[in-house]
Amino acid sequence: MVYGGGLENRWVKAPGVRIPHLPHETERCPRGRRGRFAKPLYWKRYRGFESLSLRMETLRMYLQHIKKYSAILYATSIKYYTEARKFCIEHKREIILSIAYVPYIGWLYPLYAFEDAQVQKHAKRGLLYAMTAVAIALTIFFIVFMMPRPWRLLRFVFTILLYLNYFIYYAIVTVHIYCIWNKKDFSIPQVENYLEKLEQYI
């Protein structure tokens, strides 16, 4: 007995007899899946294309939202870019002088890119601050490194001094940047004496 494209009928053994499949009946899986009973696969048809139009409509809606928010983002970016460019043009000198006090390496660009005397002065001052802070930090580091391990209290004191060195350095460069933007002159007399000596070598 052949049923449903080669599947043997379980109930009717008479040759040549075909019995249509009933919805409530179950039979052995024709594809070899695990489990005793399963509905035959050839009774099911592909229904994926029925919702294709709905899915395409959803995609069109998402595409419209993407275009809308992309246009808003582009307009906002252009607006802020224009304002930032205008600000940089108006305050170009203050920005260049402030770069000289960026910790450790900010002095490089103003020192070698501009010939203006004031810019050179601020760049050399930033260089002097950076060299002093790095020299003190390295000295403290090597002292702590060479100390015996049992000297924990003294190691702790030198560690506090190291962080205090960083704090003073950042505070000084911050004050300089603040004074630049407020059109004020700030200088430390002792630093200015060393600055004059530094100018002989740079």
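Points worth noting:
- Where chymotrypsin sites (Phe, Trp or Tyr not before Pro) fall in DSSP loop in region 159-202, at most 13 other Cβ within 10 Å: F186, Y201
- Model label sites at T76 and A113, defined 7 Å from Cα along the beta-carbon direction, differ in position by 3.0 nm.
- Relative contact order, whole percent, for region 93-198 stands at 29, derived from Cα pairs under 8 Å and 6 or more residues apart.
- Sparsely packed loop sites in region 63-101 (the trypsin sites (Lys or Arg not before Pro) outside DSSP H, G, I, E and B with at most 11 other Cβ atoms within 10 Å) do not occur.
- Cα gyration tensor shape for region 153-202, rounded if a/c is under 1.5, else prolate or oblate: oblate
Quick note: the coordinates plus some simple rules give every number you see, no bench work behind them. Bear in mind the structure is a predicted one, so any value in this text is a computation, not a measurement. When we count neighbours, we look across all protein chains shown, and the Cβ atoms used for this are built from the backbone with ideal geometry, even at glycine.
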